[in-house]
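The structure under discussion appears below in the form of structure tokens.
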Amino acid sequence: MASLRPLGDADAAAAATPTVSSSEIQGLKAEGNRLFKDGDFSAAAAAYSRCIDACKQAEKLGSEASSEFPSEATPYCEPVKSVLAAAYCNRSMCRLKQQDLRGAEADSRAALEIRPDYSKALYRQALALLQLGDLGASASAARRLLRIDPKNAEGARLLMKLNEAALQEQQQHVESRMPSTLLDTAVDATAAEKKRVKAFRDLGRLAQERESLHETLAKEGLLQRLAVFLKQQNVAANAASAADFAQVPAGTTPVVSNAPVPAVVEAAGWELLSSLVQYSPLGMPTTDGCTSSASSEEKVLFKVNEPLCIPPHIKACRTALRRIWTSEELLFTFRRLQRQGLLDPPADNFASVFAADGTIGSSNNKGIDPRRWRGLSAAFLLRVFGHSKQSESESFEHDASFLEAVSSALDCAEASTVQLAALQALSGAADARRRLGLKAKALALRHGVERCLEAALALLSAAVDKAECGGQAVELEAMERNIELTVVTLLRLLGDKERAEADGVDMQRLADQLLSPFLSCCHSKDPNKQAETYVGLKALLFLMTADRETARDFILQGSLLPYILSAATGEAAAAAGLSGTRQQHQQQQAATALILQCLDFLELRQKLLDDSGVDAILKLLRDETRPEALRAKLGVALARVCVHSKVVKEEVLERVNLFILLEELLQQLLQRQQQPGKNKKGMDDDLARCVLELFFFLSLHAEFKSKLVELANFPTGSKDLLRAVLDVGAQFCSNSGSLPRYLLCGGLCNLMKSSADKDRCRKQRGLHGGVDLDESQLEELEAFYDQLPAEAKPVPNGQIDLGDEASVCSLRQVLLERGACKLLVRACTAKPLPSPNVLLAAGSSFFLLAKNEKNRGLLVKEGALRALLTAIGALKTYPEDKRDLQQAAAQLCISVNPALFSYHDALDLVPVVLPLLSDSYELLQYEGALAITNLTSVNEELRQRAFSGDAWRLLGNLLFSENDLLRAAALEGWCNLAGSSKVQDFLGGKTAGKADVQDLRLLLAFCLETNNPRAQQAAAGALATLLNNSDIAKALPKYDNYQNLLKAFDEATEEQGPLLDRLVVSLYNIWGEEAQEEGEKAVKSRIEQAVEVHRHKLKGLSADLAVQMIPSGQPEGSRALTASIET
């Protein structure tokens, strides 16, 4: 038997090496072929396997021989590879027959690695992939086959079959994603739990992605089917009415089964229903990871007081839901879930239903208590209930079922998720009612509302107890926030002062009913009662936030200040043996916040002083072991007490240095910000707010201002407290809350304001447009007050000294150098825009800075103009507060060239400045006129905007003032406005109608006001511009005071060049009109004579025009000169 490798001259050792003959390999292949034809596929596959092994051995031996005898190597490897590829391909066919699809695909792939163009192997690989279900890979193999062998009929048929299968699979996928198909799967009692849950969740995701699907679900009966499915759980307790099923459209399969729905499937159904009707006006998440189609985050603050605008697709689902579910049915379902037992849902909710690899069929759900799924169902049910009542907010308090469901849910101590859902449902309905304002009736105090308020406070007490027993602080904070939102919103609605007297609620009785059970524990030394004390203090804070007057009266009538002081100092908790505990810290925080609120009221502040409140606060402040935020709040309380009176301020400042306290707090804040930590940001923000609040109240005192100036003037490297405070304020300039921004802007405004500014505001305080009091009138009024008996005198609500003007001016410059202007601009313009109080404080700061004319250019450069416009726009309903800001805007227009302003700023300035022209204060009228004059000098658009805003008439009213400067400024405004085509057309139209225009008479009259050269020159300039209008130029000589123009020309001296230019242009425009009648010719002749007489006084432009008007001086090029002048 010959070897495949010829021996040639190989040595004996090589001849002894075992070899594989070609006939042996071919025999194995032939044996496999024979067995395959006989149908013995298993034996054939074994023969092919032996053939493959023989080929591999031969290939190995051939490689070794080639390396040892390269000169004698023969190309025998190629036949072996061909046989090996054929053996792999044939074994692939055997395995296809045996349904070993993965083995068949692997053999085909091995054959193709040897022969990439092996058509049979490609075909068999495509068949294996097809049967494995990988249609894409199978089609790829078939297309590759046809590229190699385009005439392969089997490959073409296979590719056609694959294309049809792919299309069918795509259609099946689309159908499986159809809402009706998904719902069929979800409600199919025979399907696996996980498959049903997945169908529900897929349908929910589709609804979130496509808003139009909501209406489809509502109109095509799918929402009704979902409702019937969820109701079937109640059938055992209360047979479903035939009406429920009558609502299901014809052609759909009713979902009725005696078998109970698995708890996890029911929870998925309620989640779907909740997602279809959810809408959060502030864009906050209302279900797991789902956010409703609300406004973007930067619009949040713009919408907190707007009525709800529920999207149409959400409204359609809610309307359909109200037709399917009644409040009584929802309450019945909740009670059924409650009876069956509720627990908090799994931490990952439905994620635990699926296997880690996302496949269906795992048994991960088996170990979860069904009560956890019922807890999730109850939470989603309450959200559905709340969203439904959100659309019926004008009467939600009359729905006893809704209120009972909420109060019952608040009692579910074992399911905090259900409690939170109840709070969110109630607060959502109450918030929607609040947004309606006076459009809705006053909220009625029903028993259900009282019960919900009581349950919410009881829940807070239970949450505090749970936290003390080792519960998570994060959960307590979340619960407190939701309780606060709910209680405050309801109390605010009930305490609305704008309700009719007949709708009034006895808020004192309600406060006593809600708070007394907790506040009665304030004097108790029982450690178990201290949690109730904290809840009582928090509830009192809620009342203070919702209805301040009721809270004030409640504190006074109950003599609660001593107890609040005791809690703030920690004495109450210490007496109960709780020194240093979390309960003591909580009481101190709540009581200190209450004291800060109480200091706003004169009666409470005086009562606090009478009860030695300052001593108690000082004692607590000196304890350096207290948390920084608490010490900061106590410092704020002392700073607020300082404004009560001069005597109190001196007493407090003698005992504590608040300036040093501010420095210490700033240093502590800096140290904490440099320390790493995950949860310190919230604490840093709290401390920073306290620092700003302390800074705000200290900024009211002249001593603090002097200290700041003193520190600012230190050599480089010294401590700069002012810069440190500004750095703290900078982190809140873009904060969504307005309070930090107000503290910053208000503090800076206080620093910039002097006692003289305060007195000016006091004198000018009154109705918009009212008469200002001069010094003598103010003194007479104060003398009258002094003569009144003590009980008749108005009680002052504080006494402050803002400092003298000189020192405050120095501080303003220091603030500008430290970048205060940029900070104020950011606080005003950062989105979301802050409250009007913030804008007023910032605008007032700009007004005070603009008093110094040298600062105005820097203010414009750093963006103060846009910030001022923003503030003025937000203060439309505060005309008196807006006036100072308008004056500041006018001053910027006066000192800075308006051509440097942006296009939009310049346009917006016109309506801002115009109201100053009608102000009763002459200085404001004057500055308004100057500002309009400068603005109208920029371009025609600004002139037309000013004219459209009635600037021409408003300026004309000022011409009758006795103030020469004011008249001159008004005429200058007219002069610039006269260049507007609208003004010329307006006056020209009147003259064309033969009307005697009063405005033209006034201008002619002012041409002779020689004692006011500025007004005279402005009047002549206005006439010169208006006379470009042909109708005006023809009509003016007919006025009986037209001679004023010629007389002014006669009397003007050579030194009055600008006046002469304007007069000559006026005469030239009249002279240039075509003269047809004798009177017109006489006018023209009179002008020529006057120009001839006074020609020696004229220079420049007026001299050039005179050359054209003198008959004897009509050179050939005069017409060309006229054309160039007009151009």
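The set of residues from region 268-288 being modelled with pLDDT of 50 or more, aliphatic (A, V, I, L, M) and not in a helix (DSSP H, G or I) comprises just one member, Leu282. Among the residues of region 482-498, is there at least one that is surrounded by 20 or more Cβ atoms within 10 Å (Cβ to Cβ), more than 32 Å from the chain's Cα centre (by Cα) and free of Cβ contacts under 8 Å to residues at least 60 places away in the same chain? No, because not a single residue in region 482-498 is surrounded by 20 or more Cβ atoms within 10 Å (Cβ to Cβ), more than 32 Å from the chain's Cα centre (by Cα) and free of Cβ contacts under 8 Å to residues at least 60 places away in the same chain.
Looking at region 199-247, the helices (runs of 4 or more DSSP H) lying wholly inside it that each contain 1 or more residues that are at pLDDT 80 or above sit at 222-231.
Results for (1) modelled with pLDDT under 85; (2) out of contact with any Leu (no Cβ under 8 Å at 6 or more places or on another chain); (3) of a type outside the set (D, E, K, R), shown as yes or no for each residue.
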position	(1), (2), (3)
Arg318	no, yes, no
Arg336	no, yes, no
Val353	yes, yes, yes
Ser362	yes, yes, yes
Arg371	no, no, no
Arg383	no, yes, no
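Restricting attention to region 912-960, the residues being part of a helix (DSSP H, G or I) and either on the phi > 0 side of the Ramachandran plot or of a type in the set (Phe, Trp, Tyr) (or both) number 3.
Quick grid of which residues meet (1) at pLDDT 90 or above; (2) under 30 Å from Asp884 (Cα atoms):
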site: Val938; (1), (2): yes, yes
site: Glu941; (1), (2): yes, yes
site: Asp950; (1), (2): yes, yes
site: Ala969; (1), (2): yes, yes
site: Lys982; (1), (2): yes, no
site: Lys994; (1), (2): no, no
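Residue count for region 978-1004 satisfying the condition of being touching a helix residue (DSSP H, G or I) at 6+ places or on another chain (Cβ under 6 Å) and either touching a residue at least 60 places away in the same chain (Cβ under 8 Å) or in a loop (DSSP other than H, G, I, E, B) (or both): 4.
In the set (1) surrounded by 21 or more Cβ atoms within 10 Å (Cβ to Cβ); (2) under 15 Å from Leu868 (Cβ atoms), Ser895 fails one condition alone, (1).
When Asp1040 is tested against the conditions (1) assigned to a helix (DSSP H, G or I); (2) surrounded by fewer than 17 Cβ atoms within 10 Å (Cβ to Cβ), the lone failure is (1).
Results for (1) part of a helix (DSSP H, G or I); (2) closer than 29 Å to Asn934 by Cα, shown as yes or no for each residue.
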| residue | (1), (2) |
| --- | --- |
| Thr1010 | no, yes |
| Gln1017 | yes, yes |
| Ala1035 | yes, no |
| Pro1058 | yes, yes |
| Arg1062 | yes, yes |
| Glu1088 | yes, no |
| His1096 | yes, no |
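Note on region 485-516: residues that are touching a helix residue (DSSP H, G or I) at 6+ places or on another chain (Cβ under 6 Å) and of a type outside the set (A, V, I, L, M) amount to 4. Figure legend. Inter-residue proximity from region 1091-1105: first residues touching a residue at least 40 places away in the same chain (Cβ under 8 Å) and under 12 Å from Pro1058 (Cα atoms), second residues basic (Lys, Arg) and part of a loop (DSSP other than H, G, I, E, B), beta-carbon distance below 8 Å, spacing 6+ or different chains. No pairs are indicated.
One residue stands out in region 1043-1090 among those that are among the hydroxyl-bearing types (Ser, Thr, Tyr) and in contact (Cβ under 8 Å) with a residue 24 or more places away in the chain: the one that is surrounded by the most Cβ atoms within 10 Å (Cβ to Cβ), namely Ser1066.
Return the only residue of Ala551, Ala574, Ala567, Ala539 being of a type in the set (Gly, Ala, Ser), part of a helix (DSSP H, G or I) and in contact with a Cys (Cβ under 8 Å, 6 or more places away or on another chain). Before the answer, list the steps.
Numbers: Ala551 fails: in contact with a Cys (Cβ under 8 Å, 6 or more places away or on another chain); Ala574 fails: in contact with a Cys (Cβ under 8 Å, 6 or more places away or on another chain); Ala539 fails: in contact with a Cys (Cβ under 8 Å, 6 or more places away or on another chain).
So the residue among Ala551, Ala574, Ala567, Ala539 that is of a type in the set (Gly, Ala, Ser), part of a helix (DSSP H, G or I) and in contact with a Cys (Cβ under 8 Å, 6 or more places away or on another chain) is Ala567.
What do you reckon, is Gln513 crowded, with 17+ Cβ neighbours inside 10 Å and out of contact with any His (no Cβ under 7 Å at 6 or more places or on another chain)? No: the conditions fail for Gln513.
I'd like to check which helices (runs of 4 or more DSSP H) are fully inside region 692-793 and have at least 3 residues that are surrounded by 15 or more Cβ atoms within 10 Å (Cβ to Cβ) and modelled with pLDDT of 80 or more.
Those helices (runs of 4 or more DSSP H) span 702-712, 721-730, 738-752.
The values are calculated or read from the model by the stated rules, or taken from the named source; none is laboratory data. Since this is a predicted model, take the numbers as computed values, not measurements. Note that we place each Cβ from the backbone using ideal geometry, even for glycine, and neighbour counts take in every protein chain shown.
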